[in-house]
Structures are given as C-alpha cells and as structure tokens.
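Following: one structure in structure tokens, then a few remarks.
The values are calculated or read from the model by the stated rules, or taken from the named source; none is laboratory data. From a predicted model like this one, the values you see are computed outputs, not experimental measurements. For neighbour counting, all protein chains shown are included, and Cβ atoms are generated from backbone atoms with ideal geometry for every residue, glycine included. Just so you know, the surface numbers come from the protein's heavy atoms only, side chains and all, with ligands and any DNA or RNA stripped out. Shrake-Rupley method; radii C 1.70, N 1.55, O 1.52, S 1.80 Å.
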Amino acid sequence: MSTNLGSFQYIKEQVLNTEWFKKACKEKKVIVKYFSKDFFGTILSNSYFKYEDTKYCFYKLLLIKFDYQEKLENDNHLKLMNINIVNETRFNIIKLLIFLQKDFLNTNHFFNMKIIDREEFIIRYIKVYDKYIDSSVLSKVLTHTYFLFNRCIHKLDYLMPRKRFIYSIYIKDIINSNMNSLRSDEQISILLYEKYNIKLSRRVICDIRNKYLISKVNKKDDIDSSLLITNFFSNKRELNKKNISYLPNNIKGVYELSSSKIEIYPFLTNKVIYIGSSKDIKKRLRTYITKYAHISEIKNLINNGDRLYFRFVKILEYRDFERKIINHFIYLHGELPKLNTQRVF
C-alpha cells in the first residue's frame, strides 16, 4: 500500500499520462469510473482527504477505478487492477472508521472516542464489505493515509488510538477534577472505577502517566509557580464598549475571552475561546468591537448576538506569561483555545 502522494504519482505517471492508456480509452477497452461521486470536494492538497463540518471528501484520484478488458497489451490491466484494489480498500477502511468514530469527529472530544481493537475491526470489515484484509494491509493504510481534521493533518491511525492513550485522557480528567485531594495512584484507580467503570491497577496508572507525561499527583510544584498569578485575574465582565471604557489606559498583561456557551475540547470542556496579551489591554479589547477587529471571528460572534466576556491579569512580562498560560491550556485541554491560531514561542 503506497502513500496517498505516491498513489497519485503512480496513477498519473504509469496510467493516466501514458499513450497505451489513452489509446485503450479511445478504443473503449478501458472506462474510467469512481467508487463514489458523493465524496468529491475541493481540498487544499492532493495528499490527504478531509473531514470537516460532519462531511468528508476526497481528491478524485483516491476514488478512481477502471473497468477494463480482461487482458491488455503488456499486461497493463494488472496496473489497473492494483489501483482498483488499493483505492477500494483504503476507501472502505476510511468509511468504516469514520462511521465508528462519528461521535468523536463531530465533537473533537476524546471522551467520545471509541477504543477500537484492530483484530475486531478486521472482522467487522470482512462482515460489512464481504472482502478480506489482513493486519499488515490495515496497518499500511492507517500509517500512510492522511486526513485534515480540526485544522490539523493526522495519520488515519489517529482514529484508532491505543487503549492506554484513551485511558490517559480519563486519568488526566480525574487528576484535574481532584487536584487538591489526590495523593496517590491508588486513589486515581478507585476514582476511575467509580466515575468511568475503568479498572486499572496502580502500577498500570503509573506507567500510563509516565508514558504520556502526566504530572505526579502528589507534586503541586510540577505546575509552573508563576501560573498562580492567574488567581489575580480581574472579575469577568461582558465584552462591550461600556465595560471596556472603565479600564485604565496602558495596562500591560494577559487577557482571556470566553463565551456564554460551553466549548468542547479534546480533553476537557471550557468556555474560554481566546488567550492573548497586549501592552495596552484596553486598546486591544476595543478593537474587537469595532470594524477594525483584531480577530474577525470575535466580531462576527458579537454581531450574531453571542455574549462574550473578558478578564485580565496585569504583568510586565506579558508575552512570556501568555506563552506559559497557552501551553498550560494545551496540556489540560488537548489543543489551543478555539480562536487562537498558533502557539507563542
């Protein structure tokens, strides 16, 4: 099983652009078809398919298939047969995986991700499509197929994570929900079973924490002590002209914007949608409610009647502190705030 990009090059160079293929099509010995025309769409790159807004679509060469005479000159029909098998197998695996992980893909919340055993997936594949695949073929498709989801390009095996990765999400949730009371992995084991009916030994939990760099529960010092300054965030206020006008001028610091709606992140839920910094927070916040909005999505939310809120913390080294807060947010939630587009380095 070749990579998507390798498949494109092979189809173009060894088939579509050759004289033998053009001649065979002209003589009606080969007819170009597709496994489905329901999934065509405009994508930015030919090397992946995309899943977005509950839709998924493919570059057309990933869905191409050929009807051909049983035998062509120089055994060129074997090339067409190979392309048909590769494209159909990849397409079927993707369809089945998307069906199984639909809840996760629609929410981007790892608590909705199913644990899928590879051997069980193969059994289900054979039952659904009445076609055989083995573990090596499945592994190649998962490793060499890429897709666009939530502004990131992932390998297809992203949708078939290891059990211990999923368990790490639940362990992190237990730790974050009981930060002040946890003292041992034994306690985590008990709470995991009580809350999620997941039974893991203390030793397994310790191994998972070490593998996925989850801080030791009995060491609060693992959290950057400078982040404790977030306890001095101002009171949350609605983002509007009146509330912004009350702020002093030239406040240097970090600010946070939140929504009235709960946002779903991979690891946790939160109402925070943006974290930023400025040498003049009052001036920066004012831009969000004018036609010169610093981030157009925020202005659009306000224009649509959504209620947004802000709070801030004063600090001279605001750029460095912004980086620390964003990195901590990613650690807890699994990705950037919804409207942040890049990390601060």
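Working only within the stretch 24-37, note down all residues that are open to solvent by 50 Å² or more (accessible area, probe 1.4 Å) and modelled with pLDDT of 85 or more.
Selection gives 26, 27, 28, 29, 31, 32, 33, 34, 35.
Among the residues of the stretch 138-182, what is the count of those that are of a type in the set (S, T, N, Q), closer than 24 Å to residue 195 by Cα and at pLDDT 90 or above?
1
In the stretch 132-151, how many residues are among the aliphatic types (A, V, I, L, M) and outside any helix (DSSP H, G or I)?
Qualifying residue count for the region: 2.
Which one of these is of a type in the set (S, T, N, Q), open to solvent by 20 Å² or more (accessible area, probe 1.4 Å) and part of a loop (DSSP other than H, G, I, E, B): 327, 235? Please lay out each step first, then the result.
Details: 327 fails: part of a loop (DSSP other than H, G, I, E, B).
Just a single option satisfies the conditions, and that option is 235.
Identify all residues within the stretch 199-232 that are surrounded by 13 or more Cβ atoms within 10 Å (Cβ to Cβ), at pLDDT 80 or above and closer than 13 Å to residue 172 by Cβ; write none if there are none.
If the condition is that a residue be surrounded by 13 or more Cβ atoms within 10 Å (Cβ to Cβ), at pLDDT 80 or above and closer than 13 Å to residue 172 by Cβ, then 205, 208, 209, 212, 214 are the ones that fit.
When you go through (1) surrounded by 14 or more Cβ atoms within 10 Å (Cβ to Cβ); (2) closer than 14 Å to residue 278 by Cβ one by one for residue 339, which number turns out not to apply?
The number of the failed condition is (2).
Out of curiosity, is residue 138 closer than 28 Å to residue 264 by Cβ, open to solvent by less than 60 Å² (accessible area, probe 1.4 Å) and either more than 20 Å from the chain's Cα centre (by Cα) or touching a residue at least 40 places away in the same chain (Cβ under 8 Å) (or both)?
no
Do we find that residue 85 is at pLDDT 90 or above, of a type in the set (Val, Ile, Thr) and open to solvent by 60 Å² or more (accessible area, probe 1.4 Å) in this structure?
yes
Looking at (1) in a helix (DSSP H, G or I); (2) open to solvent by 60 Å² or more (accessible area, probe 1.4 Å); (3) of a type in the set (Val, Ile, Thr), which one does residue 122 not meet, given that it meets all the others?
Unmet for residue 122, out of (1) in a helix (DSSP H, G or I); (2) open to solvent by 60 Å² or more (accessible area, probe 1.4 Å); (3) of a type in the set (Val, Ile, Thr): (2).
Can you find a residue in the stretch 65-81 that is touching a Gly at 6+ places or on another chain (Cβ under 8 Å) and among the hydrophobic types (A, V, I, L, M, F, W, C)?
no
Look at the stretch 268-316 and say how many of its residues are open to solvent by less than 60 Å² (accessible area, probe 1.4 Å), of a type in the set (S, T, N, Q) and part of a strand (DSSP E or B).
Within the stretch 268-316, residues that are open to solvent by less than 60 Å² (accessible area, probe 1.4 Å), of a type in the set (S, T, N, Q) and part of a strand (DSSP E or B) number 3.
Scanning for something among the aromatic types (Phe, Trp, Tyr) and over 21 Å from the mean Cα position of the chain (by Cα), does the stretch 273-283 turn up at least one residue?
No, the conditions are met nowhere in the stretch 273-283.
Being open to solvent by 10 Å² or more (accessible area, probe 1.4 Å) and more than 28 Å from residue 108 (Cβ to Cβ) is the filter here, so list the residues in the stretch 252-267 that pass it.
Passing the criteria: only 252.
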